[in-house]
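The values are calculated or read from the model by the stated rules, or taken from the named source; none is laboratory data. Bear in mind that the values here come from a model prediction, so they are computed numbers and not experimental data. Quick reminder, even Gly has a Cβ in these numbers, built from the backbone with ideal geometry, and neighbours come from all protein chains shown. Ligands, DNA and RNA are stripped out before the accessible areas are found, and what is left, the full protein with its side chains, is counted by its heavy atoms. Shrake-Rupley method; radii C 1.70, N 1.55, O 1.52, S 1.80 Å.
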Amino acid sequence: MKKTCLCLALLLSPQAFAGEWVQWWNAGITGLYGKNYDLAPSDEQTTITLDSAGGWKYGDWYVFQDFIRFNGADEGTTYGELSTRLSAGKLLNQKLAFGPVTDVSLALTLEEGEGPVESFLYGIGLDFKLPIFSYFQLNTYRRHAINGANNSDGWQITPVYRVDIPFAGSNLVIDGFADWVFRTDGNGYHENLHFNPQVKFDLGQMVFGDHRKDALLVGIEYDYWRNKYGVDGIDQNTYSLIAQYHF
C-alpha cells in the first residue's frame with residue numbers, strides 16, 4: 001500500500017497542484033548496476049529508481065521509489081522515501097537568513113519498503129549558501145520506527161548537496177547524500193554511516209545543447225555504509241555504474 005502511494009506521488013506530484021502552488025519540479029528515472037553489496041541474497045544487483053523533486057508554495061519535496069533486482073537470485077525488493085520540508089521563510093513570507101544559512105524548515109520523511117523498515121523522521125532542515133556548492137542542505141531528524149519489528153529509533157543527520165564543474169564542453173555533476181544515524185536507542189541497532197556520492201557527466205548537454213542540460217547523465221556511484229542496516233561490523237564498500245534521465 002505504501003509503495004502504491006509513493007508511486008502515485010511520483011506520478012502526480014507536479015500535477016497535483018496548479019499555478020502558484022508549484023514553483024519548480026522535475027522527475028526522473030535512474031538505473032544502477034553494481035557488485036559487492038552486503039546483506040543481500042546476491043552481492044550483484046540492478047536498481048531502477050523513479051524520483052521527483054520540486055519546490056511548492058510552502059516548502060519543497062523529494063520522493064523516490066527503488067525497485068531492486070538481486071542478480072543471480074530469482075528475487076527482488078523495493079524501498080522508497082517520501083520527504084517534504086515546510087519552509088519558515090515561505091510560511092512567514094520573509095527571509096530568515098543568518099550567516100551562511102538561507103532558510104529553516106520543518107523536515108519530514110517517511111521510509112517504506114519490504115521488511116521491517118518503515119520509519120517516520122521529523123526534525124529541522126537548514127539551507128546553506130556555500131562556495132562551490134550549487135546547493136547544500138542539512139537535515140537533523142529524530143527517527144521513529146512505525147513497524148513493530150523495526151528497531152532503528154535514534155537520531156539522524158543528513159546532508160544533501162550538489163557541485164557543478166564545467167568539463168569537456170559540458171558539465172560534471174557531483175551530488176548525493178550522507179545518512180549518519182547516531183545515539184540509537186539500542187535493542188541491537190548500531191550507529192551507522194551511509195555515504196553515497198555520485199559523479200556524473202552531462203551527456204545530454206554535450207550532445208543536444210544547453211536546452212537539454214541535466215536530461216541525460218552517466219557516471220559512477222560510490223557507496224560506503226558502515227554498520228549497514230545497523231548491523232555491527234558489516235561495512236559495505238562498492239561502486240556502481242549509473243545512467244540517469246530527467247524528463
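Within the chain, what whole-number % of the accessible surface is contributed by carbon and sulfur, with the 1.4 Å probe and all protein chains included in the calculation?
Of the solvent-accessible surface of the chain, carbon and sulfur hold 62 percent.
Answer with one residue from F120, T109, Q205: the one whose Cα lies farthest towards the positive end of the charge dipole of region 91-236, charges on Cβ with Lys, Arg +1 and Asp, Glu -1.
Q205
So, for the chain, what is the accessible surface per residue at a probe of 1.4 Å, expressed in square angstrom?
On the way: 12850 Å² over 247 residues.
Value returned for the chain: 52 Å² of accessible area per residue.
When the chain is fully extended, how far beyond the present Cα-Cα distance does W24 get from F67, taking 0.36 nm per residue of separation?
Details: separation 43, 0.36 × 43 = 15.48 nm, distance 2.59 nm.
Net length gain for the segment: 12.9 nm.
Just to be sure I understand the model, the point goes 7 Å from the Cα along the line to the Cβ. What's the resulting A168 to Y222 distance in nm?
1.9
What nm distance separates the two modelled labels at D185 and I48, each placed 7 Å from Cα along Cα→Cβ?
With each label point 7 Å from Cα toward Cβ, the separation is 3.7 nm.
Choose one of Y224, H246, S170: the residue whose Cα lies farthest towards the positive end of the charge dipole of region 90-247 (beta-carbon charges +1 Lys, Arg; -1 Asp, Glu; about the Cα centre).
Ranked along the dipole, the leading option is S170.
With each run of n ≥ 4 DSSP H residues scored as -39500 (n - 2.57), what mean residue ellipticity at 222 nm is computed for the chain after dividing by its residue count and rounding to the nearest 500 deg cm²/dmol?
Using -39500 (n - 2.57) per qualifying helix, the result is -2500 deg cm²/dmol.
Lysine pairs in the chain 8 or more apart or on different chains: how many have alpha carbons under 30 angstrom apart?
24
Dipole of the chain, Cα-centred, from +1 at each Lys and Arg C-beta and -1 at each Asp and Glu C-beta, to the nearest 20 debye?
For the chain, the charge dipole is close to 780 debye.
Could you go through region 70-80 in sequence order and give the Karplus-derived ³J(HN,Hα) for each residue, using 6.51 cos²θ - 1.76 cosθ + 1.60 with θ = phi - 60°, rounded to whole Hz, and x for Gly and Pro?
Residue by residue, region 70-80 yields 8, 5, x, 10, 7, 6, x, 8, 9, 7, x Hz.
Give me the dipole magnitude in Debye, nearest 20, for region 141-247 about the Cα centre, with unit charges on the beta carbon: positive for Lys and Arg, negative for Asp and Glu.
Numbers: 9 positive and 13 negative charges, 26 e Å.
The dipole of region 141-247 has a size of about 120 debye.
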